[in-house]
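A short worksheet on the structure shown next.
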Amino acid sequence: MVDTTDPYTTLRVQLESLRKGKTKIVYQLASPANRQITAQGGYNYQVFDKMVKSKTYSPLLYFKHFKTLDKTLLYNNKYVANVLIKHENSSHQFRFEMSLQPTKIIDIHESLGPYQLNKKHVPVWRTDSVIPIYE
């Protein structure tokens with residue numbers, strides 16, 4: 001299990017997983033609000049996986065390298081990073097928006113594996129949205 005009390009570590013672990021074509025940890029580290037929309041009510045990994053493999057987000061899979069272009073911590077509970085994804089013959093930019101999940105947020109489901117947010121968990125970072133940046 002990865003320590004998700006640091007936003008950049010949380011982002012990096014998701015990007016490394018995507019680079020290998022894997023989406024499970026990305027699903028597990030999505031915020032509850034994110035999964036309400038992207039995982040058909042919160043806990044449907046298959047729907048989330050299909051969304052990541054769609055035309056919009058598929059450039060996030062099997063890439064060669066990534067580079068964080070800029071990152072900003074806002075109010076100690078919001079984190080925004082613009083990331084360049086490099087493939088062999090193309091590149092794409094995405095904005096990752098993350099938030100610190102306070103101890104009052106409970107998010108328990110077996111599909112979240114070790115990243116469930118139990119009662120009185122320490123504040124941890126989760127991804128609220130990933131937005132393509134078109135140039």
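Structure notes:
- Among the criteria (1) among the hydroxyl-bearing types (Ser, Thr, Tyr); (2) free of Cβ contacts under 8 Å to residues at least 12 places away in the same chain; (3) surrounded by 12 or more Cβ atoms within 10 Å (Cβ to Cβ), the one TYR75 does not fulfil is (3).
- Note on segment 72-130: among residues that are outside any strand (DSSP E or B) and of a type in the set (S, T, N, Q), the one that is nearest to GLN40 (Cα to Cα) is SER111.
- Of all residues in segment 22-36, those being β-branched (Val, Ile, Thr) and touching a strand residue (DSSP E or B) at 6+ places or on another chain (Cβ under 9 Å) number 1.
Results for (1) within 16 Å of THR68 (Cβ to Cβ); (2) exposed (fewer than 14 other Cβ atoms within 10 Å of the Cβ), shown as yes or no for each residue.
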| residue | (1), (2) |
| --- | --- |
| THR4 | no, no |
| THR10 | yes, no |
| LEU15 | yes, no |
| LYS20 | no, yes |
| VAL26 | no, no |
| SER31 | no, no |
| ASN34 | no, no |
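- From VAL80, VAL47, residue being β-branched (Val, Ile, Thr), over 14 Å from ASP128 (Cα atoms) and either out of contact with any Cys (no Cβ under 9 Å at 6 or more places or on another chain) or surrounded by 19 or more Cβ atoms within 10 Å (Cβ to Cβ) (or both): VAL47
- Residue in segment 123-132 that is in contact with a strand residue (DSSP E or B) (Cβ under 8 Å, 6 or more places away or on another chain), closer than 22 Å to ARG19 by Cβ and free of Cβ contacts under 8 Å to residues at least 60 places away in the same chain present: yes
Quick grid of which residues meet (1) free of Cβ contacts under 8 Å to residues at least 60 places away in the same chain; (2) part of a strand (DSSP E or B):
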residue: TYR27; (1), (2): no, no
residue: GLN36; (1), (2): yes, no
residue: THR56; (1), (2): no, no
residue: PHE63; (1), (2): yes, no
residue: LEU69; (1), (2): yes, yes
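Laboratory data are not the source of any read-out in this text; all were calculated from the coordinates shown. Because the structure is predicted, anything quoted here is derived from the model rather than measured. Glycine gets a Cβ as well: all are built from the backbone with ideal geometry, and neighbour counts include every protein chain shown.
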